[in-house]
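Single-structure report; data block below.
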Amino acid sequence: MKMAIPEQGERRIVGINRIGLMTLIRKEIERFLKVYTQTLIAPAVTTLLFYTVFALAFGGLERKMEDGLSYLSFLAPGLVMMAMAQNAFSNTSSSIVISKIQGNIVDLLMPPLSSLEILIGYLFGSVFRGLVVGAATLLTLSLFVTLPYHSIAAILLFAVLGTWMMGALGIVAGIWSDRFDHIAAFTNFIVTPLTFLSGTFYRIGILPEPWQTLAHYNPFFHMIDGFRYGFIGHADGSILLGMTLLLVINTGITLLAYRMFETGYKIKG
């Protein structure tokens, strides 16, 4: 008597392929932990260099904000969030592009993993890397500046929302890219400009119109502003609006990434 083998769609009714999903998550985490000098130590050192330049070259040691807050206390959370965002983006985009170039993307497509499970695996790895980089960077900066902690919940919320957004964006960029030049273009012309124009180094209140209004439409601004609010208790924009906007954008980018996996865009064939 022949045993009926369930189709992939039927297998999905039973539940999530937990072993496959956990294997993919473990692979994504171990991939960046094995080169921790590049993925963890280097971002912390780069952030510290940024911090040092602003502290010494631009009078940051004595500079105060309008409300009397030390400029360096204002600057540190923005630099930490910037490092988290860039590394979350790099984790997914580089992983997918490397798999496509080396031709081992088939190892991801052949196992009984659904598009949703692949998406979750990549996103979890990127968020985890972003949070670990954030913790390492924050620990490094804490040796030079004492940061207040206004709301741990806000810090964690916007850290997850920010790394989730960049991880999903990295998936879209990685699938779209055929080589590392495409990823570099995506980073140089989209990610980096939006990051530097997000109020990381300054309060957007100093911008003239219409740039000040346009800055509120930059999701990177809300990501950094909400994260900074968790430390200093002050936000340049609306925390509720920022959280809502990030949730909407994250959902949209995640659905696009899911659609790319589901249709096999630039992956299958």
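Quick notes
- Cα-centre dipole for the chain with unit charges at Cβ (Lys and Arg positive, Asp and Glu negative), debye to 20: 720
- When you restrict to C-alpha pairs under 8 Å that are six or more residues apart and normalise by the size of the chain, the relative contact order lands at 25 percent.
- Within the shell of other residues whose beta carbon sits under 11 angstrom from the beta carbon of GLY125, the net charge comes to +2, with Lys and Arg scored +1 and Asp and Glu -1.
- For segment 114-200, chymotrypsin sites (Phe, Trp or Tyr not before Pro) meeting the loop criterion (DSSP other than H, G, I, E, B) and having at most 14 other Cβ atoms within 10 Å: PHE144, TYR149.
- Loop-located trypsin sites (Lys or Arg not before Pro) in segment 177-250, at most 10 other Cβ atoms within 10 Å (DSSP): ARG179
- The angle separating the long axis of helix 42-57 from the principal Cα axis of greatest extent in the chain is about 20 degrees.
- Cα gyration tensor category, rounded, prolate or oblate, for the chain with a/c compared to 1.5: prolate
- Cα shape, segment 139-220, gyration tensor, a/c 1.5 rule: oblate
- For the chain, the 222 nm mean residue ellipticity estimated from helices alone, with every DSSP H stretch of n ≥ 4 adding -39500 (n - 2.57) and the total spread over all residues, rounds to -22500 deg cm²/dmol.
- From the alpha carbon centroid of segment 220-256 to that of segment 166-192 is 21 Å.
- For segment 17-119, the set of trypsin sites (Lys or Arg not before Pro) satisfying both a DSSP loop assignment and a count of at most 11 other C-beta atoms within 10 Å is given as LYS34.
- Segment 188-249, relative contact order in percent, only Cα pairs under 8 angstrom and at least six apart counted: 29
- Inter-part distance where segment 31-54 and segment 77-96 are each reduced to a Cα centre, Å: 11
All of the numbers you see were taken from the coordinates with simple rules; none came from a lab. Predicted model only: the values in this text are computed from it and were never measured. A quick note on method: Cβ atoms are made from the backbone with ideal geometry, for glycine too, and the neighbour counts reach across all protein chains shown.
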